[in-house]
Amino acid sequence: MAYTEEELKKELETKEYEYGFYTDIESDTFPIGLNEEIVVAISKKKEEPDWMTQWRLEAFKAWKLMEEPEWANITYPKPDFQAISYYSAPNSKPKYDSLDEVDPELLDTFKRLGISLDEQKKLAGVAVDIVMDSVSVATTFKKTLAEKGIIFCSISEAIKEHPELVKKYIGSVVPQKDNFYAALNSAVFSDGSFCYIPKGVRCPMELSTYFRINQAGTGQFERTLVIADKGSYVSYLEGCTAPSRDENQLHAAVVELIALDDAEIKYSTVQNWFPGDKNGKGGVFNFVTKRGICHTNSKISWTQVETGSAVTWKYPSCILKGDNSIGEFYSIAVTNNYQQADTGTKMIHIGKNTRSTIISKGISAGKSQNSYRGLVQVNSRAKNARNFSQCDSLLMGNDCGAHTFPYIEVKNKTAQIEHEATTSKIGEDQIFYCNQRGIDTEKAIALIVNGFSKEVLNKLPMEFAVEAQKLLEISLEGSVG
Amino acid sequence: MLKISNLHAGIENNEILKGINLEVKAGEVHAIMGPNGSGKSTLASVIAGKEEYEVTEGSVVLEGENLEDSSPEERAHKGIFLSFQYPVEIPGVSVTNFMKTAINEGRKAKGLDDMPAKDMLKMIREKAELLEIDRKFLSRSLNEGFSGGEKKRNEIFQMAMLEPKLAILDETDSGLDIDALRIVANGVNKLKNKDNAVIVITHYQRLLDYIVPDFVHVLHQGKIVKSGTKDLAHELEEKGYDWLKQETAV
Ligand SMILES: Nc1ncnc2c1ncn2[C@@H]1O[C@H](COP(=O)(O)OP(=O)(O)OP(=O)(O)O)[C@@H](O)[C@H]1O
Ligand SMILES: [Mg+2]
């Protein structure tokens with residue numbers, strides 16, 4: 001069937017999230033509600049030292065006095081924070097005994113994303129044999145990392161095994177009181193990851209497969225802390241292109257990155273939470289605080305591909321404290337149906353000769369709203385700071401919206417700030433051109449979207465880029481005849 | 001190969017094509033000329049299956065098959081190629097990537113596997129040479145920032161890659177400099193054989209010195225008002241369209 005814009009619009013609206021389904025996890029779950037006892041109980045359950053318990057309690061006190069922010073360009077029913085259970089121990093009991101029991105459509109998606117059989121099992125919650133590859137791969141990874149002195153473990157483990165590092169850095173970039181969701185996370189975070197790269201060490205592998213295997217099923221209040229010591233380098237991949245079916249509606253994660261002198265952190269995210277059905281029902285609320293601090297001559301690079309969540313509120317940021325430090329933000333955000341995304345970044349220039357680059361690509365379809373919100377702040381001491389921002393929006397149909405809110409605050413006259421923004425629509429002429437060359441409309445849209453997103457896709461580590469590209473394709477697939 | 005009978009087509013009650021009859025046999029070259037706005041590009045779009053235009057009467061038959069229910073991509077798979085008068089830009093998609101996708105989609109429709117990368121590269125190299133296209137050019141975004149002439153040459157490069165049965169070249173000559181015109185025309189001639197056919201839409205007899213037509217048709221107000229041989233093109237070049245317009249008004 002050939003295409004008209006009218007048809008495209010209709011089809012997009014009927015796009016369903018094929019992969020959402022309920023799971024009934026038997027687990028050790030706390031009663032709903034939040035108070036000091038619950039916070040203490042979480043800390044106890046995780047066998048944390050007293051300083052950690054106190055730190056959580058401080059956060060809780062601050063949170064009680066805070067109000068949910070209203071300023072983002074999104075609307076949603078406010079979660080009832082007393083109606084949530086704040087602790088649910090992951091259950092090791094597998095959901096299925098074999099892959100045959102898993103939703104074939106989900107498996108099909110996994111296959112098309114190129115996810116290995118072992119990983120498919122892990123992700124779908126199928127029992128994995130101890131001698132299976134995934135486990136031995138993970139073990140090999142761990143050994144290689146340990147040889148270099150790299151610490152890579154869950155945050156709970158780090159709190160127990162490496163308290164001096166955690167104590168020194170946790171909350172140093174995102175303080176407990178930073179914002180409503182960060183405070184909540186600080187009080188009740190369930191688990192997350194910890195990574196430390198010692199001085200001068202170049203992490204020999206993308207921390208990806210390992211991460212993915214181990215993070216399937218992390219809770220709703222995730223806490224991540226990455227420390228790159230002087231002169232070290234790490235590329236860290238978070239999330240998974242595989243669709244996340246999660247019964248937790250509210251997700252409030254905190255990620256802190258610390259790049260010490262001459263260090264470099266590349267942090268890539270591909271996120272595909274359940275976005276809700278075509279009427280905007282259900283779906284995950286994703287309120288994330290991600291921030292990194294750059295010391296002298298260091299560099300932090302955030303790359304993200306977002307296709308999921310009903311509501312996304314997320315601003316990976318860089319504090320460019322050290323002279324000559326560099327912050328980068330590359331983002332693709334896709335919204336469809338009633339999805340709402342308010343994402344962007346903050347680049348805070350404090351040191352001299354600091355540089356930042358922002359490339360944001362928003363793709364909106366259906367009745368979705370896609371906003372870019374960015375702050376570039378140049379402090380008075382930041383001589384010769386430079387920023388380049390580019391925000392491009394691609395619209396599909398007439399019912400969606402793209403919005404750009406660039407905020408620029410400059411307190412040093414030597415700063416150079418450049419901002420570019422474009423909005424375009426996938427045109428019928430483009431589609432017909434592709435059709436005429438034998439490319440059907442669905443493939444044509446994928447091609448155009450990939451072309452539009454190329455600058456950002458290119459920033460992802462190779463294997464992730466291929467997956468992300470397929471994910472974009474799949475997110476917009478089934479949306480046209 | 002192609003048989004168009006009593007074709008009426010238009011857009012929202014505005015009839016643009018008013019009963020076109022045209023038969024193109026394998027191995028033939030047909031030229032379509034005619035004043036601005038006479039319906040030449042519309043005819044090309046309707047043959048290619050652009051759904052914006054509604055066909056109200058008549059038929060387009062390719063190798064005995066009525067194309068009525070074929071989508072544009074199906075028609076492409078059947079061997080119809082249109083060199084656009086105004087090629088569109090697709091930012092971020094390289095010429096190579098675009099061609100790779102187009103060729104593999106065509107193969108998929110025929111139940112074939114993707115073309116092996118080695119063969120694809122070899123073919124790209126050959127066809128780029130044929131049209132004297134710098135290979136650096138092929139990694140640029142499709143038509144983005146291309147000069148008018150570059151766009152046209154790129155259209156013919158795509159034609160060379162896709163090896164269509166029926167190629168419709170809509171004013172491919174406009175925008176080409178003298179050397180480029182010769183290169184493109186030579187390219188078309190080399191691709192021409194007894195099994196395929198070409199329809200060239202042009203305003204200038206100059207192109208027809210290179211790509212020599214078997215028949216020349218004049219389109220005026222949505223109808224073919226005169227058909228003839230190559231000499232007709234010379235006559236038009238000399239006399240313009242007025243005499244024909246008068247003749248048909250009578
Ligand atoms: N999409 C459209 N909407 C409205 N009118 C159209 C559309 N397409 C074509 N027309 C009209 O139909 C007539 C024929 O247009 P067409 O582009 O086919 O002419 P042409 O013979 O190719 O002219 P030219 O030599 O200038 O390229 C014109 O009057 C044009 O304005
Ligand atoms: Mg025309």
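The values are calculated or read from the model by the stated rules, or taken from the named source; none is laboratory data. All figures in this text were calculated on a predicted structure; none of them were measured in a lab. Please note: Cβ atoms are built from the backbone with ideal geometry, for glycine as well, and neighbour counts cover all protein chains shown. With ligands, DNA and RNA removed, areas are computed over all heavy atoms of the protein, side chains included. Shrake-Rupley method; radii C 1.70, N 1.55, O 1.52, S 1.80 Å.
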Chain B: angle of helix B:178-191 to the longest principal axis, Cα-based, in degrees nearest 10: 80
Other protein chain Cβ atoms within 10 Å, averaged over every residue that makes up B:103-112: 2
Order of exposure, largest accessible area first, which applies to B:MET33, A:MET66 with probe 1.4 Å: A:MET66, B:MET33
Among B:VAL200, B:LEU219, B:ASN154 the positive-end extreme of the charge dipole of chain B (Cβ point charges): B:ASN154
Neighbourhood charge, 9 Å Cβ-Cβ cut-off, centred on B:ILE124 and excluding it, Lys, Arg +1 and Asp, Glu -1: +4
Average beta carbon contacts from partner chains per residue of A:440-450, 10 Å cutoff: 4
In Hz, Karplus ³J(HN,Hα) per residue of segment B:203-217 (6.51, -1.76, 1.60; θ = phi - 60°; x = Gly, Pro): 9, 10, 5, 3, 4, 6, 5, 8, 9, 7, x, 7, 9, 10, 10
Loop-located trypsin sites (Lys or Arg not before Pro) in segment A:314-375, at most 12 other Cβ atoms within 10 Å (DSSP): none
Size of charge dipole - segment B:2-249 - debye, nearest 20, with Cβ of Lys, Arg +1 and Asp, Glu -1, no other charges: 700
Solvent-accessible area buried by pairing B with A, both sides, nearest 100 square angstrom, 1.4 angstrom probe: 2300
Cα long-axis angle, helix B:230-239 against chain B (0 to 90 degrees, to the nearest 10): 70
D_trans [Stokes-Einstein, Kirkwood Rh over alpha-carbon pairs] for segment B:1-83, 37 °C, 0.692 mPa s, µm² s⁻¹: 251
Mean residue ellipticity (222 nm) of chain B, computed from DSSP H runs ≥ 4 via -39,500 (n - 2.57), nearest 500: -11500 deg cm²/dmol
Bridge type composition, segment B:2-249 - antiparallel percent by DSSP, nearest 5: 60
Where chymotrypsin sites (Phe, Trp or Tyr not before Pro) fall in DSSP loop in segment A:327-412, at most 14 other Cβ within 10 Å: none
Local electrostatic count at A:LEU260 - Lys and Arg +1, Asp and Glu -1, tallied over other residues with Cβ under 14 Å: -1
Exposed-loop-free span, longest in chain B, where trypsin sites (Lys or Arg not before Pro) count as exposed if DSSP calls them loop and at most 14 other C-beta atoms lie within 10 Å: B:26-109
Accessible surface ranking that places the most exposed of A:MET205, B:MET161 first, with a 1.4 angstrom probe: A:MET205, B:MET161
Burial order of peptide ranges A:225-233, A:409-417 (average beta-carbon count within 10 Å, highest first): A:225-233, A:409-417
Per-residue average of Cβ from other chains inside 10 Å of B:85-98: 5
³J(HN,Hα) computed for each position of segment A:51-59 - Karplus, 6.51 cos²θ - 1.76 cosθ + 1.60, integer Hz, glycine/proline x: 4, 6, 4, 4, 4, 5, 5, 4, 4
Unsatisfied cross-links (Cα-Cα over 24 Å) in the set A:LYS44/A:LYS167; A:LYS346/A:LYS454; A:LYS411/A:LYS459; B:LYS127/B:LYS230: A:LYS411/A:LYS459; B:LYS127/B:LYS230
Whether segment A:406-476 is rounded, prolate or oblate, judged on the alpha carbon gyration tensor where a/c under 1.5 counts as rounded: oblate
Volume per residue that the Cα convex hull of segment B:2-249 spans, once the total is divided by residue count, Å³: 127
Exposure of B:ASP242 as accessible area (Å², to 10), given a probe of 1.4 Å and all protein chains: 100
For A:ASN324, net neighbour charge (Lys/Arg +1, Asp/Glu -1) across residues whose Cβ lies under 15 Å away: +3
Probe 1.4 Å - accessible area at A:GLU37, Å² to nearest ten: 130
Percent carbon-and-sulfur accessible area, segment B:64-130, ignoring ligands, DNA and RNA, probe 1.4 Å: 50
Accessible surface ranking that places the most exposed of A:ASP392, A:ASP399 first, with a 1.4 angstrom probe: A:ASP399, A:ASP392
Set B:LYS50/B:LYS190; B:LYS78/B:LYS122; A:LYS45/A:LYS160 screened for pairs whose C-alpha atoms are more than 21 Å apart: B:LYS50/B:LYS190; B:LYS78/B:LYS122
